[in-house]
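Report on one structure; see the data block that follows.
The values are calculated or read from the model by the stated rules, or taken from the named source; none is laboratory data. Just so you know, these numbers come straight off a predicted model, no measurement behind them. Positions of Cβ are backbone-derived with ideal geometry, glycine not excepted, and every protein chain shown enters the neighbour counts. Remember, those area values only see protein heavy atoms, side chains included, never the ligands or the DNA or RNA. Shrake-Rupley method; radii C 1.70, N 1.55, O 1.52, S 1.80 Å.
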Amino acid sequence: MALTWIWTGMVLLSVLFGIGNGTLADVGQAALEGASSAVELALGMAGAMCLWNAVMELMRRCGLADALARIFRPLLRRLLPQASRDKETLSAVSANVSANLLGLGNAATPLGIQAAQRMAVGCNGTATDELCRLVVLNTASIQLLPTTVSGIRAACGSAAPMDILPAVWLTSLLSVTAGLTAARVLQAVWRD
C-alpha cells in the first residue's frame, strides 16, 4: 500500500514539475521511453529465466539437484538442527540452497516458503532462531551462477555478462557469513 502512494506521488510530482517548467512533453516522452525499455528488459529476462529454469528442471530430473542437495545436508544439519529432524523440511531447505547456488531465486522462493512454513509449525506466531537463520540463508544466498544478474546484463547489451563471477562469489560468501554471524550474535544477545 505504501509503495502505491510513493509511486503515485512520484508520477504526480513529475507531471507537476513538467507543467511548471514547461517540459511536460519531455516528461511524457521519458515515460514512454522508460516503458519501452522496461518491456525490452522483461522480454530479455524472460528468455534467460526460461533457460535457467529449464536447466534446473533437467538437473532435478537427472538427479543432479538431489546430489547437490545431499552435499549440503551435513552443513544444514549443523545450521538448522531442529529442521534437520524432519526429512521433508530438510529436503526443502536443501533444494532451496541448491536453487540459490544456481542463482535461481524464482525457483528457490517456493522451496524456501515451504521450508519456512514447515519450520513455523508450533511457533505460535514467533519466529524461532532457526527460522531466522533460514531467512538469512535464503536472503543472503551464496551464488555460484548469478543467472538473474547475468540475464539482466545480457539484456542490456553486455558483451560478457558472466565476467562478474569472482565479485559475486566473494560478496555472496561475505554476505552469508555476515548474516549468519549477526543472527548468532543477536540470538545470544536476545536471550540475555
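Things to note:
- Pick from region 99-136, criterion polar (S, T, N, Q) and buried (at least 17 other Cβ atoms within 10 Å of the Cβ), ranking: farthest from SER150 (Cα to Cα): GLN114
- Selection status of GLU57, of a type in the set (D, E, K, R), in contact (Cβ under 8 Å) with a residue 24 or more places away in the chain and part of a helix (DSSP H, G or I): no
- Among the residues of region 131-143, some residue qualifies, meaning at least one is of a type in the set (A, V, I, L, M, F, W, C) and touching a Cys at 6+ places or on another chain (Cβ under 9 Å).
- Of all residues in region 1-33 being of a type in the set (Gly, Ala, Ser) and surrounded by 10 or more Cβ atoms within 10 Å (Cβ to Cβ), the one that is modelled with the highest pLDDT: GLY9
Residue-wise test of (1) touching a residue at least 24 places away in the same chain (Cβ under 8 Å); (2) of a type outside the set (A, V, I, L, M).
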{"residue": "ALA99", "(1), (2)": "yes, no"}
{"residue": "LEU104", "(1), (2)": "yes, no"}
{"residue": "LEU111", "(1), (2)": "no, no"}
{"residue": "THR128", "(1), (2)": "yes, yes"}
{"residue": "LEU131", "(1), (2)": "no, no"}
{"residue": "LEU137", "(1), (2)": "yes, no"}
{"residue": "ARG153", "(1), (2)": "no, yes"}
{"residue": "ALA160", "(1), (2)": "no, no"}
{"residue": "LEU180", "(1), (2)": "yes, no"}
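- Looking only at residues of region 137-153 that are of a type in the set (Ser, Thr, Tyr), open to solvent by less than 40 Å² (accessible area, probe 1.4 Å) and in a helix (DSSP H, G or I), we find that the one that is farthest from SER37 (Cα to Cα) is THR147.
- Qualifying residue in region 76-87 (condition: open to solvent by less than 50 Å² (accessible area, probe 1.4 Å), more than 25 Å from ARG153 (Cα to Cα), assigned to a helix (DSSP H, G or I) and modelled with pLDDT under 80): yes
- Just so you know, in region 154-192 the residues that are assigned to a helix (DSSP H, G or I) and modelled with pLDDT under 85 include one that is most open to solvent (accessible area, probe 1.4 Å), and it is TRP190.
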